[in-house]
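Beneath this line is the structure, given in structure tokens, with notes to follow.
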Amino acid sequence: MLFELLELVYMLFTHEFIYWPFHLMIFLIIGYTIRGFLAKRYKPYKEGLSRDQVKVSVVIPEYKEELSILEKAIRSAIYNKPDEIIIVCDDGRKEEEQLIKKLQQEYPSIRISLISHGKKLGKRGALALGWLVATGDIIVQLDSDTIMEPNTIDEIIKPFADPKVAGVQGHPLLFNTGSRVSYVMGQIIELARDVVCKMLNGFLVVIDGKIAAYRRDFLIKNIKNLLLESWGNSKIILADDRALTYFANEQGYKTVYQSTAIARSAAEPTLYKFITQQLRWARSGYLYLIKDIKTGLFFKAPRRYRFQEITYLLSPVSFTAALIQTLFLNVQVVNILDESILLSTGLNIPVFLLSLMIFLIGLGFNFALAIELMKLDKEEIKKLRIKFIDIVILGLIGLFIIYPMTLYAMLTYRNVTDWLTR
């Protein structure tokens with residue numbers, strides 16, 4: 001932020017156009033302010049469909065999940081008292097069979113089924129198999145590392161009282177499993193998604209598969225679409241949650257957010273796994289942006305949907321343009337500031353040190369500004385106990401890892417891979 005202000009002053013005095021301050025204004029200040037403002041209008045469903053009116057199945061696709069976390073996920077489903085729980089095992093481990101047998105004996109009143117097959121289906125195939133076996137009117141999909149709160153199912157089915165609703169996004173948060181950096185950065189992303197989902201309520205970009213619910217008849221109708229979806233000559237394997245949301249939006253259904261249906265998923269245990277997760281998400285984002293435009297859904301969607309797609313996915317492009325122009329113009333704002341300090345105070349601060357100071361101050365200011373403008377959940381932010389060193393580390397990772405990775409994802413969006421984070 002400080003560097004952008006210096007460039008703005010430089011531009012005013014030299015009358016030389018510099019794009020970087022405009023990038024900040026458009027994608028940070030205006031973009032985040034609009035998201036926060038529109039999210040204020042959101043209200044979760046207080047009343048709606050209740051458990052005595054509907055049969056609910058929980059489907060958990062699993063592949064190489066840590067058994068202790070998988071057990072917690074299944075137990076959280078049990079505590080929510082669905083009509084049945086179906087675990088679709090895509091790796092065929094004996095330990096999972098033993099775990100399910102133990103839970104079946106412990107909870108004989110709840111139907112707990114394990115589907116273990118010889119052939120690896122991938123997540124889309126595993127989900128489809130679970131839908132076909134399920135008998136519920138509503139299917140709650142739960143990632144194998146997601147732990148629901150006791151009332152999550154009661155809350156997530158409420159919107160289905162509206163017959164136009166095909167899918168409901170729950171409110172996923174994270175719990176720490178190892179890397180603090182992955183946890184903090186991932187949690188901030190989830191808190192930002194909370195705001196975005198509130199803004200987009202009714203026409204979501206994606207119903208996150210961590211905790212989601214759909215009408216079973218909608219899912220069955222779209223099994224073929226999901227399993228055979230392709231892009232050019234390539235079969236699309238990843239982004240099952242993005243695909244289902246796309247189908248629902250394209251077919252005229254509502255896709256809504258229920259912020260009171262809370263569940264916590266495992267944060268990626270290492271920075272490497274976090275990066276591969278973000279790469280997968282970015283690739284699917286660009287692929288479906290192009291698909292939205294090509295099929296016309298982008299233009300039929302509400303303006304807030306187009307706003308989110310453009311500002312979120314094109315922000316790296318804008319940042320690249322700003323960076324290239326600044327480097328090629330060789331804007332000497334730091335040198336000018338250094339000379340001004342020397343003339344006014346007599347202090348001779350090395351340019352490298354001054355640049356570092358400006359960078360660090362800018363990181364802290366941008367972080368605080370983004371949280372304030374988007375109105376992120378301050379209680380959850382407090383729980384992260386973020387220190388200034390965390391902001392510096394996150395900023396460096398964002399600039400030198402996430403940013404170039406996003407550009408790479410844009411160029412390689414066709415490279416779709418299943419179960420990429422396992």
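Of the residues Val181, Val206, only one is aliphatic (A, V, I, L, M) and buried (at least 21 other Cβ atoms within 10 Å of the Cβ); which?
Only one candidate qualifies: Val206.
For the range 122-143, which residues satisfy the criterion of being buried (at least 22 other Cβ atoms within 10 Å of the Cβ), in a helix (DSSP H, G or I) and in contact with a strand residue (DSSP E or B) (Cβ under 7 Å, 6 or more places away or on another chain)?
Across the range 122-143, the qualifying residues are Lys123, Ala126, Leu127, Gly130, Trp131.
Which of the following residues is free of Cβ contacts under 8 Å to residues at least 40 places away in the same chain and open to solvent by 40 Å² or more (accessible area, probe 1.4 Å): Asn201, Asn233, Asn222?
None of the others qualify; the one that does is Asn233.
Of the conditions (1) without any contact (Cβ under 8 Å) to a residue 60 or more places away in the chain; (2) open to solvent by 70 Å² or more (accessible area, probe 1.4 Å); (3) under 27 Å from Ser265 (Cα atoms), Ile30 clears all except one; give me its number.
Of the numbered conditions (1) without any contact (Cβ under 8 Å) to a residue 60 or more places away in the chain; (2) open to solvent by 70 Å² or more (accessible area, probe 1.4 Å); (3) under 27 Å from Ser265 (Cα atoms), the odd one out for Ile30 is (3).
Any idea which residue in the range 286-339 is modelled with the lowest pLDDT, counting only those that are among the aromatic types (Phe, Trp, Tyr) and open to solvent by 50 Å² or more (accessible area, probe 1.4 Å)?
By that ranking, first place goes to Phe328.
Can you pull out the residues in the range 201-234 that are under 14 Å from the mean Cα position of the chain (by Cα) and either of a type in the set (Val, Ile, Thr) or over 22 Å from Ala267 (Cβ atoms) (or both)?
Leu204, Val205, Val206, Ile207, Ile211 - these are the residues of the range 201-234 that are under 14 Å from the mean Cα position of the chain (by Cα) and either of a type in the set (Val, Ile, Thr) or over 22 Å from Ala267 (Cβ atoms) (or both).
Kindly provide the set of residues from the range 236-246 that are open to solvent by less than 30 Å² (accessible area, probe 1.4 Å) and either in contact (Cβ under 8 Å) with a residue 60 or more places away in the chain or small (Gly, Ala, Ser) (or both), ordered by number.
Selection gives Ile236, Leu238, Ala239, Asp240, Ala243, Leu244, Thr245.
What residue, of Glu84, Glu16, Glu66, is of a type in the set (D, E, K, R) and open to solvent by less than 20 Å² (accessible area, probe 1.4 Å)?
Within the list Glu84, Glu16, Glu66, the selection yields Glu84.
Any idea which of (1) over 11 Å from the mean Cα position of the chain (by Cα); (2) in contact (Cβ under 8 Å) with a residue 12 or more places away in the chain; (3) open to solvent by 10 Å² or more (accessible area, probe 1.4 Å) is the one Pro159 doesn't satisfy?
For Pro159, the failing item is (3).
Within the range 1-87, considering only helices (runs of 4 or more DSSP H) that don't extend past its boundaries, which have at least 2 residues that are in contact with a Lys or Arg (Cβ under 7 Å, 6 or more places away or on another chain)?
The qualifying helices (runs of 4 or more DSSP H) are 31-39.
Lys119 passes all but one of (1) in a loop (DSSP other than H, G, I, E, B); (2) basic (Lys, Arg); (3) buried (at least 20 other Cβ atoms within 10 Å of the Cβ); which number fails?
All conditions are met except number (3).
Residues that are assigned to a loop (DSSP other than H, G, I, E, B) and more than 26 Å from the chain's Cα centre (by Cα): does the range 89-102 have at least one?
Yes: one or more hits.
The values are calculated or read from the model by the stated rules, or taken from the named source; none is laboratory data. Since the model is a prediction, treat every value here as computed from it, not as a measurement. Here the Cβ is made from the backbone with ideal geometry for all residues, glycine too, and neighbour counts use every protein chain on show. SASA here: full protein model, heavy atoms, side chains in, ligands and nucleic acids out. Shrake-Rupley method; radii C 1.70, N 1.55, O 1.52, S 1.80 Å.
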